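Q: The structure follows.
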Amino acid sequence: MNHNASLSAPPRRTRGIVLLSLAFLGAASAAFVVRRPLMMSAPMCMAGRWHGCFDTFNGVVLITLVTLPLAALVVWALARRRRAAGVTSAWRMSLAEVGMVHGTVPFVWMTMMPGAGAGTVPGRVSLVPLRDLLTMGPLGIVGNLLVFAALGFFAPMRFAAPASVPRILALGAGCSVLVEAAQYVLRLDRVSSVDDVLVNAAGAVLAALASRRWWRTTAEAPSDQPRPAPVSAPAG
């Protein structure tokens, strides 16, 4: 028996806890860096007011960070329920599901925020690649990279179908096209740009590569199903 191999392979539960701890550490670091802008929205958010909280970038980021403990509680509850049912990948599945939602919805919300001329200014489209990239600036590029980063990171951990770079690229680009089309149709006073699609898709791929060691494969699919209860033979 190879004791070194058994000791070097951490339990799945430990890996899930490590991933969750890293997510908390990253969120705490981000909150420390942008703590002053976030505190400007804190009074409005604490009062439950729409204007000044849910319609501002700072307010949405603050709500996302504040609800991290709730997201962690949901991960724990889902994982515990699955482990009780005999699902072997309970922590990974639960963390991936909550991570996809909690890490994607706020960014999509921010991209769908209407501008000052929403409803009156006609939709604008920019289909020339790399033309708008020069005007985004570092903050704009980072923000666009993060829009579907959580989806790219967690989707291949949860589902076997998107567990490849081309599929993640298609998933990120497809979701971005839907967002850009919605901006145009709803006349949100935002520019529907092909560069947004390119950067969003690139962010999803980069995040997916960071989680590649935890991707779910088709060979693991049967182990994620609840184990059947043993059937006892009739006495006689």
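Q: Among the residues of region 161-190, which ones are in contact (Cβ under 8 Å) with a residue 12 or more places away in the chain, out of contact with any Lys or Arg (no Cβ under 9 Å at 6 or more places or on another chain) and basic (Lys, Arg)?
A: Hit for region 161-190 is Arg187, nothing else.
Q: Does region 55-107 hold any residues that are aromatic (Phe, Trp, Tyr) and touching a residue at least 24 places away in the same chain (Cβ under 8 Å), and which are they?
A: Phe57, Trp91, Phe107
Q: Testing Gly103 on (1) surrounded by 14 or more Cβ atoms within 10 Å (Cβ to Cβ); (2) touching a strand residue (DSSP E or B) at 6+ places or on another chain (Cβ under 9 Å), one condition comes back false. Which one is that?
A: (2)
Here's the yes/no breakdown for (1) over 19 Å from Thr64 (Cβ atoms); (2) under 14 Å from the mean Cα position of the chain (by Cα); (3) of a type outside the set (Gly, Ala, Ser):
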residue	(1), (2), (3)
Gly103	no, yes, no
Pro138	yes, no, yes
Asn144	no, yes, yes
Ala149	no, yes, no
Phe154	no, yes, yes
Pro162	yes, no, yes
Leu169	yes, no, yes
Val179	no, no, yes
Ala182	yes, no, no
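Q: Any idea which of (1) under 14 Å from the mean Cα position of the chain (by Cα); (2) over 16 Å from Ser192 (Cβ atoms); (3) at pLDDT 95 or above; (4) buried (at least 17 other Cβ atoms within 10 Å of the Cβ) is the one Met93 doesn't satisfy?
A: That leaves (3) as the condition not met.
Q: Here's something else I'd like to know. Check off (1) of a type outside the set (A, V, I, L, M, F, W, C); (2) surrounded by fewer than 19 Cβ atoms within 10 Å (Cβ to Cβ); (3) at pLDDT below 90; (4) not assigned by TED's automatic domain parsing to the domain that holds Arg190 for Arg81 and give me the number that stays unchecked.
A: (3)
Q: Turning to a different aspect of this structure: Please determine, by comparing only the residues of region 96-131 that are over 16 Å from Gly172 (Cα atoms) and either β-branched (Val, Ile, Thr) or in a strand (DSSP E or B) (or both), which one is modelled with the highest pLDDT.
A: Val98
Q: Give just the number: which of (1) at pLDDT 70 or above; (2) closer than 30 Å to Trp91 by Cα does Asn2 not satisfy?
A: Status for Asn2: all satisfied but (1).
Q: As an exercise: evaluate Pro106 against (1) touching a Leu at 6+ places or on another chain (Cβ under 9 Å); (2) within 24 Å of Val197 (Cβ to Cβ) and give the number of the one condition it does not meet.
A: (1)
Q: Restricting to region 132-181, name every residue that is among the aliphatic types (A, V, I, L, M) and not in a helix (DSSP H, G or I). I'd like the intermediate steps shown before the answer.
A: Taking region 132-181 as the starting set, the residues that turn out to be among the aliphatic types (A, V, I, L, M) are 133-134, 136, 139, 141-142, 145-147, 149-151, 155, 157, 160-161, 163, 165, 168-171, 173, 177-179, 181.
Listed by number, the residues that qualify are Val147, Ala160, Ala161, Ala163.
The values are calculated or read from the model by the stated rules, or taken from the named source; none is laboratory data. Every value quoted in this text rests on a predicted model; they were computed, and no experiment measured them. Backbone-built Cβ (ideal geometry, glycine too); neighbour counts: all protein chains shown.
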